[in-house]
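K.L.:
First the structure, then my questions, so here it is.
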Amino acid sequence: MEPEAQASAPALELRGIDKRFGPVHANRTVSLSVAAGSIHGLIGENGAGKSTLMNIVYGFHRADAGEIWVRGRRVEIGSPQDAIAAGIGMVHQHFMLVENFTVLENVVLGAEGGRRLAGSLAAARTGLAQLARDYGLDVPLDAIVSELPVGLQQRVEILKALHRGAEILILDEPTAVLTPQEADQLFRMLGRLRAQGKTVILVTHKLREIMAATDRVTVMRQGAIVGEFETRATSPRELAEKMVGRAVLLRVEKAPARPGATLLTVRDLEVRDRLGVARVKGLSFAVRAGEIVGIAGVAGNGQSELLEALAGIRPPSRGEIVLSGRELVREGLDARARHRLGLAHVPEDRLRMGVVAGFSAQDNAILGYHDLPAYRRGPLLDRAAILAGCGKKMAAYDVRPPEPGRRITEFSGGNQQKLVLAREIDSDPRVLLVGQPTRGVDIGAIEFIHRQLVALRDAGKAVLLVSVELDEILGLADRILVMNAGEIVGEVAGADATEEKLGLMMAGVKGEGHA
Amino acid sequence: METYTLIVLLLAATIRVATPLLLAALAGLFSERSGVIALGLEGMMLGAAFAAAAASAVTGSVWLGLGAGIATAVALALLLAFAGVTHRGNQVVAGMAVNIMVAGLGPALALAWFNLGGQTPQLEGAGQRFLALTWPWADAARAAPFPGLLYAELLSGHNLVVYFAAALVPFSAWVLYRTRFGLRLRAVGENPSAVDTAGISVTRLRYQAVMISGVLCGVAGTYLSTAASAGFVRDMTAGKGYLALAALIFGKWRPYPTLGACLLFAFTDALATRLQGVALPLVGVIPVQFILALPYVLTVLLLAGFVGTAVAPKAIGAPYAKEK
Amino acid sequence: MSAPAKLPRWAELGLLPAVNLVAALLLSGVIIRLIGESPWAALKLLADGAFGSQEAVGYTLYYATNFIFTGLAVAVAYHAGLFNIGAEGQAYIGGLGTGLVCLWLGAWPFWVVLPLAILAGAVGGAAWAFIPGWLQARRGSHIVITTIMFNFIASAVMTWLLVNILIKPGQQSPESREFAANAFMPGLHTLLGKVGLAFTATPLNLAFLLALAASFLVWLLVWRTRWGYALRVAGQNPAAAVYAGILPPRVTIAAMLLSGALAGSLGLNELMGAQHRILLDFPGGAGFVGIAVALMGRNHPVGIFLAAVLFGALMQGGSQLSFDMPRVNRDMVVVIQGLVILFCGALENVARVPLAALLARLRGEKEAE
């Protein structure tokens, strides 16, 4: 409606996008402008609302309010089809590929052109050859997708978008599954796309990538945009500050640690995923009584696999885990046996693993401990003891409302987590493994949970804390191990650690001088 | 000579038994390839068998019977899709519900309308039934054992539905592997998210697939009551819907191997009928029941991975919901 | 598009099944109307036929006994996250075990025969359920398909046995000889008579009490023991089970063993209690009715008992009904079974969403007042 010059109009403009999922305010009146022919970074922590925003642009979700403008023209995007028609393509974090199809079939799917396949496939083959020449996007077209390495699968996704005539290409955490070398290749390719006039939006939480690949960068935090910079004119440090929002950095009151005997020793631990890819690559470290050891790192660098291997959920492919004198791997001790040896575990993903959604709070309060003598009366479960135990935990950990019979999903995330923490700490462990203790937890509960962890340390227990929240690691850990790509890339004493230092290490930059 | 004739007749019987099995298995193929479990084949077939026989008896036209059979099976298919796709209900439960409901509804309606104890009236003549077609010179050719008898018994002498079913195999393969619809169908059964993000409606595709399975079950049911026999009787599918499902699994969800599985299963059936009480040299009398159970045993062994592997469409049975 | 609406517990357990049942019965009424009979008259006749006399009640509960066993079987598997469609075959093979004990040891005193018959039934059913359970746990074979296949295989095996081995010599129909009288399950009228209560002679027998005891034991086991706790955790969240040190494959196998054992107990009622011989297809579809019973009873023993009585009443009332309304016979009962499965199982989300909205609005109004 406005006679704007089309040429100078931004490739994509979002005006006042707002989106709620139930109680979660995922996007708060977000406005964003992306210049044509640029690579625009969108950075923020997990849960900052980046993916939601991009899913709205791609028509996967519908915004509650706001407008989308493409090249100076307002568009209604209600489905991926609308987005494709508007020249928007998206490469999702989890690839949207049909694994037993060939590359060609995947590219053609949904953009066939005619009813018969032969013609569409032939046309696509020609078109893809052209794309391969233009952008250096070589992929064996007749290979079955599942047999391709991840990097090539990603190329297929990019080809899919380009084949549909995408002018704007959104990549959601594209390097989460790539090696650093593959990531660099990807960035070079994105550069070629830009040179040909395409617009790229790179969604990531990795500072290094923003610095390496983008022209401009927008920072999101808690669903809102908190800053926008020329990439050349900013620094990783400035971005990190914006991302984390130093103003609300939580510092926990704690005395210096007084580490005692070593309780948990890990030697040369290697863990492979379902596909046989090593996710943890020969780690060795120890955790002593009376200290909190923090594992910092960007999500997906092997922390989850490490935790699960230590807890006995995932068998390691190599290495030793020694818990108070017993070697867990060789002895084949499962999760329950490890409980008995004094290992407790607060899992990273509460709803996937830490609780049973259909159960009441009291039934969840014995998960993993249901065969303790305390909960037993003859051959039966002692309901009274279970109820009383849950009531006690709820009182001690301030779980609200204190109703053990209530279904666990009817509690807020913070109260669920407090109950899980209560369950694990109440078992009086010598070693506590904690993954993302404050994910999806409100501020009040965060402080409470942090105090509990410190108290546990002061009681002479060993705590291994895995978190992607830098301020959490900085606030709690006495010793920090930084993980990158399955390896420990550095160790810093808690007192000496700064965000900048950790951030650089997390990005895989080693040997940075002391700040 | 005697043995040769016997074998030819056995093969001819195999073709007749295989026809409804094949139609139902291909019906299941379309449904399951789209990610919807085809547990309702039995019910759709039985419903169609009743409707076809009833309509044919009342109108005197087997073609109207076919129409009624197809319409009934498609209506049941829509019910399955409504429950399992639109409302994301349990597809196994939906299939069982339809099977059980139709098992009662057919005889109940037959009793109410025709008062023949749960059957439809005897269908007579070419108007009300699909009768075997005799090809030119087939009767004359019969005299010459080879290839005359083969021509007369295997190529000639079947009804229209048999030829339709035979033609359906290459046609299904063509649709599945050579058309846009087939590509999308295969994709939605493997990864509905990929189809959704490619701008195609998952719900629409699955409805289409389930309705195709309704049409084919309609033809299969019509065959049972108007071609293989002369009217509807209680429980006349006798588990053929489940056997078709087994054939589909045995055929690894592909048209030609499914045809092979249907022929194999039908052959065991025909053989069991032939061998009833016959003492064979060396082994003696083979219990008919064991031959009849062979398809089910083979399918279990296949599912267990002891004979080859059957990889089902990945998204099968899982209602599609966008993730947050 | 979001997750199915949440209902409060009482509505989930009571209101929703009731609404779905009413919907199924309404549709059944429409079908009866179509057939040309009056649904109201049919309902009255049916209720009278099912509960109108001691004899009627006896038959109703006798049918319900079968459905309690199979309903419990389906429910136990369900709690472990498994869909056991094979209760029919497990009941068949379990009944064979019970029947063989009665045939061979029928001369022994009843109180010796009874535990052996119970054991043989349970072992037979459990064995038949073990294979699909093991295949699911260890080889990932889809249990729905394998249990269906095992129904057919059971049917073939039993036909062969009855036609060739167990058949009473010199007889045409494939049935075993009658059990010795010691192996008859005492009728409930006999037992009641001993304590001075008069009850009409019906097939209702001691097995009914055994079914009630089984219901109680299942309740105790699933909701009050560590084993049951592990079963429910593995059924609802396998990842949480692994986290809690529970091995889901082991739970799968154990649940199927128990499920099969429960289904296999059907022979206690049907063979020992009523038929007094082994005959073709004696489960008579009770394994499939068990699916309806479990779905309607929300997989809880109390609900299963109520649903089993309902289906028993439909069976008994239905056969009485067909005397007065020849067009509304057992087949109609099967239709109603199918509709109940459809509404309580496959279409439950249809009623859930408007129901949740309605309840939310009612609550809102109450708060506004």
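K.L.:
Go through (1) assigned to a loop (DSSP other than H, G, I, E, B); (2) within 12 Å of A:Ala422 (Cβ to Cβ); (3) more than 10 Å from chain C (Cβ to nearest Cβ) and name the single condition A:Pro401 misses.
P.N.:
The number of the failed condition is (2).
K.L.:
Six or more apart or on different chains, Cβ atoms under 7 Å: show the pairs whose first residue is in the stretch A:272-285 and β-branched (Val, Ile, Thr) and whose second is part of a strand (DSSP E or B).
P.N.:
Note: pairs meeting the criteria are A:Val280/A:Leu269; A:Val280/A:Glu270; A:Val280/A:Val271.
K.L.:
I need the full set of residues from the stretch A:327-341 which are small (Gly, Ala, Ser) and within 7 Å of another protein chain (Cβ to nearest Cβ), in order please. Step through it out loud before you land on a result.
P.N.:
Going residue by residue through the stretch A:327-341, those that are small (Gly, Ala, Ser) are A:332, A:335, A:337.
Once the filter is applied, which keeps residues that are small (Gly, Ala, Ser) and within 7 Å of another protein chain (Cβ to nearest Cβ), the stretch A:327-341 yields only A:Ala335.
K.L.:
Residues that are of a type in the set (D, E, K, R), within 25 Å of the chain's Cα centre (by Cα) and crowded, with 17+ Cβ neighbours inside 10 Å: does the stretch A:287-303 have at least one?
P.N.:
Kept after step one, since they are of a type in the set (D, E, K, R), are these residues of the stretch A:287-303: A:288, A:291.
Still in the list and also within 25 Å of the chain's Cα centre (by Cα): none.
No, the stretch A:287-303 contains no residue that is of a type in the set (D, E, K, R), within 25 Å of the chain's Cα centre (by Cα) and crowded, with 17+ Cβ neighbours inside 10 Å.
K.L.:
Would you check if A:Leu141 is part of a loop (DSSP other than H, G, I, E, B) and either away from chain B (no Cβ under 14 Å) or surrounded by 13 or more Cβ atoms within 10 Å (Cβ to Cβ) (or both)?
P.N.:
Working: part of a loop (DSSP other than H, G, I, E, B): yes; either away from chain B (no Cβ under 14 Å) or surrounded by 13 or more Cβ atoms within 10 Å (Cβ to Cβ) (or both): yes.
Judged against the criteria, A:Leu141 is a match.
K.L.:
Follow-up. Could you check, for the stretch C:24-31, whether at least one of its residues is under 30 Å from B:Ala321 (Cα atoms) and within 12 Å of chain B (Cβ to nearest Cβ)? Break it down into steps so the answer makes sense when it comes.
P.N.:
Going through the stretch C:24-31, the residues under 30 Å from B:Ala321 (Cα atoms) turn out to be C:24, C:27.
From what's left, within 12 Å of chain B (Cβ to nearest Cβ): C:24, C:27.
Among the residues of the stretch C:24-31, at least one is under 30 Å from B:Ala321 (Cα atoms) and within 12 Å of chain B (Cβ to nearest Cβ), which makes the answer yes.
K.L.:
What is the number of the single condition among (1) surrounded by fewer than 19 Cβ atoms within 10 Å (Cβ to Cβ); (2) charged (D, E, K, R); (3) away from chain B (no Cβ under 12 Å) that A:Arg115 does not meet?
P.N.:
(3)
K.L.:
Exactly one condition in (1) modelled with pLDDT of 95 or more; (2) surrounded by 24 or more Cβ atoms within 10 Å (Cβ to Cβ); (3) closer than 29 Å to C:Cys102 by Cβ; (4) out of contact with any Cys (no Cβ under 9 Å at 6 or more places or on another chain) is false for C:Phe288; which is it?
P.N.:
Of everything listed in (1) modelled with pLDDT of 95 or more; (2) surrounded by 24 or more Cβ atoms within 10 Å (Cβ to Cβ); (3) closer than 29 Å to C:Cys102 by Cβ; (4) out of contact with any Cys (no Cβ under 9 Å at 6 or more places or on another chain), C:Phe288 misses just condition (1).
K.L.:
Look at the stretch C:291-314 and say how many of its residues are within 13 Å of another protein chain (Cβ to nearest Cβ) and surrounded by fewer than 24 Cβ atoms within 10 Å (Cβ to Cβ). Talk me through it step by step, then tell me what you get.
P.N.:
Taking the stretch C:291-314 first, the residues within 13 Å of another protein chain (Cβ to nearest Cβ) are C:291-296, C:298-299, C:311, C:314.
Those left that are additionally surrounded by fewer than 24 Cβ atoms within 10 Å (Cβ to Cβ): C:298-299.
The number of residues fulfilling the criteria is 2.
K.L.:
Check whether at least one residue in the stretch B:133-148 is in contact with a Ser or Thr (Cβ under 6 Å, 6 or more places away or on another chain), surrounded by 23 or more Cβ atoms within 10 Å (Cβ to Cβ) and of a type in the set (Phe, Trp, Tyr), and report yes or no.
P.N.:
Step one: of the stretch B:133-148, the residues in contact with a Ser or Thr (Cβ under 6 Å, 6 or more places away or on another chain) are B:134-135, B:138.
With surrounded by 23 or more Cβ atoms within 10 Å (Cβ to Cβ) added as a condition, the list becomes none.
No: zero hits.
K.L.:
Across the stretch A:404-442, what is the number of residues that are in a helix (DSSP H, G or I) and free of Cβ contacts under 8 Å to residues at least 40 places away in the same chain? Reasoning before the result, please.
P.N.:
If we filter the stretch A:404-442 for residues that are in a helix (DSSP H, G or I), which is where we start, we get A:408-410, A:413-426.
After this cut, where a residue has to be free of Cβ contacts under 8 Å to residues at least 40 places away in the same chain as well, the list is A:410, A:414-415, A:418, A:426.
So the count comes out to 5.
K.L.:
If B:Arg186 passes every condition in (1) more than 14 Å from chain A (Cβ to nearest Cβ); (2) part of a helix (DSSP H, G or I) but one, which one does it miss?
P.N.:
It is condition (1) that B:Arg186 fails.
K.L.:
Could you pull out the residue among B:Asn159, B:Asn99 that is facing chain C (nearest Cβ under 8 Å), in contact (Cβ under 8 Å) with a residue 12 or more places away in the chain and of a type in the set (S, T, N, Q)?
P.N.:
From the options B:Asn159, B:Asn99, the qualifying one is B:Asn99.
K.L.:
Hey, B:Tyr320 hits all of (1) part of a helix (DSSP H, G or I); (2) within 11 Å of chain C (Cβ to nearest Cβ); (3) aromatic (Phe, Trp, Tyr) but one; which does it fall short on?
P.N.:
(1)
K.L.:
Now for a separate question. So which residues in the stretch A:63-80 are within 14 Å of chain B (Cβ to nearest Cβ) and more than 17 Å from B:Ser193 (Cβ to Cβ), if there are any at all? Before you say what the answer is, go through the steps one by one.
P.N.:
Let us first name the residues in the stretch A:63-80 that are within 14 Å of chain B (Cβ to nearest Cβ), namely A:77-80.
Within the stretch A:63-80, A:Ile77, A:Gly78 qualify.
K.L.:
The conditions are (1) under 23 Å from B:Val188 (Cβ atoms); (2) surrounded by fewer than 16 Cβ atoms within 10 Å (Cβ to Cβ), and B:Tyr320 fails exactly one of them. Which is it?
P.N.:
Evaluating B:Tyr320 over (1) under 23 Å from B:Val188 (Cβ atoms); (2) surrounded by fewer than 16 Cβ atoms within 10 Å (Cβ to Cβ) leaves (2) as the failure.
K.L.:
Something else about it: Can you list the strands (runs of 3 or more DSSP E) found entirely within the stretch A:20-115 that contain at least 2 residues being closer than 24 Å to B:Arg184 by Cβ and in contact (Cβ under 8 Å) with a residue 40 or more places away in the chain? Can you show your working first?
P.N.:
On the way: elements: A:24-34, A:39-43, A:65-70, A:73-75, A:88-91.
Where strands (runs of 3 or more DSSP E) fall fully within the stretch A:20-115 and carry at least 2 residues being closer than 24 Å to B:Arg184 by Cβ and in contact (Cβ under 8 Å) with a residue 40 or more places away in the chain, they are A:88-91.
K.L.:
A follow-up question, please. Taking the stretch C:235-288, which residues are away from every other protein chain (no Cβ under 14 Å) and charged (D, E, K, R)?
P.N.:
C:Glu270, C:Arg277 - these are the residues of the stretch C:235-288 that are away from every other protein chain (no Cβ under 14 Å) and charged (D, E, K, R).
K.L.:
Looking at C:Leu105, C:Leu116, which is the one that is more than 14 Å from chain B (Cβ to nearest Cβ) and either modelled with pLDDT of 95 or more or farther than 24 Å from C:Ile167 by Cβ (or both)? Spell out the reasoning first.
P.N.:
Details: C:Leu105 fails: either modelled with pLDDT of 95 or more or farther than 24 Å from C:Ile167 by Cβ (or both).
Of C:Leu105, C:Leu116, the one residue that is more than 14 Å from chain B (Cβ to nearest Cβ) and either modelled with pLDDT of 95 or more or farther than 24 Å from C:Ile167 by Cβ (or both) is C:Leu116.
K.L.:
Another question about this same structure. Tell me, yes or no, whether the stretch C:243-266 has at least one residue that is closer than 29 Å to B:Asp235 by Cα and either among the polar types (S, T, N, Q) or in contact with a strand residue (DSSP E or B) (Cβ under 7 Å, 6 or more places away or on another chain) (or both).
P.N.:
yes
K.L.:
Here's something else I'd like to know. Quick one: which of A:Gly325, A:Gly282, A:Gly342, A:Gly290 is closer than 23 Å to A:Gly494 by Cβ, assigned by TED's automatic domain parsing to the domain that holds A:Ala493 and among the small types (Gly, Ala, Ser)? Break it down stepwise before answering.
P.N.:
Details: A:Gly325 fails: closer than 23 Å to A:Gly494 by Cβ; A:Gly282 fails: closer than 23 Å to A:Gly494 by Cβ; A:Gly342 fails: closer than 23 Å to A:Gly494 by Cβ.
Answer to the selection: A:Gly290.
K.L.:
Counting only residues that are among the polar types (S, T, N, Q) and more than 14 Å from B:Val169 (Cβ to Cβ), which one in the stretch B:230-279 is modelled with the highest pLDDT?
P.N.:
Applying the first criterion (among the polar types (S, T, N, Q)) to the stretch B:230-279 yields B:237, B:258, B:268, B:273, B:276.
Okay, now just the ones that are also more than 14 Å from B:Val169 (Cβ to Cβ), so B:237, B:268, B:273, B:276.
Working: B:Thr237: 93, B:Thr268: 90, B:Thr273: 83, B:Gln276: 77.
Top of the filtered list is B:Thr237.
K.L.:
Could you please let me know if B:Phe290 is surrounded by 15 or more Cβ atoms within 10 Å (Cβ to Cβ), at pLDDT 85 or above, at the interface with chain C (Cβ under 10 Å from one of its Cβ atoms) and over 20 Å from B:Leu39 (Cβ atoms)?
P.N.:
Values: surrounded by 15 or more Cβ atoms within 10 Å (Cβ to Cβ): yes; at pLDDT 85 or above: yes; at the interface with chain C (Cβ under 10 Å from one of its Cβ atoms): yes; over 20 Å from B:Leu39 (Cβ atoms): yes.
When the stated conditions are applied, B:Phe290 passes them.
K.L.:
The conditions are (1) within 11 Å of another protein chain (Cβ to nearest Cβ); (2) surrounded by fewer than 23 Cβ atoms within 10 Å (Cβ to Cβ), and C:Trp219 fails exactly one of them. Which is it?
P.N.:
Result: C:Trp219 passes all but (1).
K.L.:
Mind checking which residues of the stretch C:117-142 are crowded, with 18+ Cβ neighbours inside 10 Å, of a type in the set (A, V, I, L, M) and either free of Cβ contacts under 8 Å to residues at least 40 places away in the same chain or not in a helix (DSSP H, G or I) (or both)?
P.N.:
Answer for the stretch C:117-142, where residues must be crowded, with 18+ Cβ neighbours inside 10 Å, of a type in the set (A, V, I, L, M) and either free of Cβ contacts under 8 Å to residues at least 40 places away in the same chain or not in a helix (DSSP H, G or I) (or both): C:Ala120, C:Ile131, C:Leu135.
K.L.:
I would also like to ask the following. Can you find, within the stretch C:71-86, the residue that is surrounded by the fewest Cβ atoms within 10 Å (Cβ to Cβ) among those that are part of a helix (DSSP H, G or I) and touching a Pro at 6+ places or on another chain (Cβ under 8 Å)? Walk me through it before giving the result.
P.N.:
Going residue by residue through the stretch C:71-86, those that are part of a helix (DSSP H, G or I) are C:71-79.
Filter once more, keeping what is touching a Pro at 6+ places or on another chain (Cβ under 8 Å): C:72, C:75.
Numbers: C:Leu72: 33, C:Ala75: 27.
My answer is C:Ala75.
The values are calculated or read from the model by the stated rules, or taken from the named source; none is laboratory data. What you are looking at is a predicted structure, and each value in this text was computed from that prediction instead of being measured. When we count neighbours, we look across all protein chains shown, and the Cβ atoms used for this are built from the backbone with ideal geometry, even at glycine.
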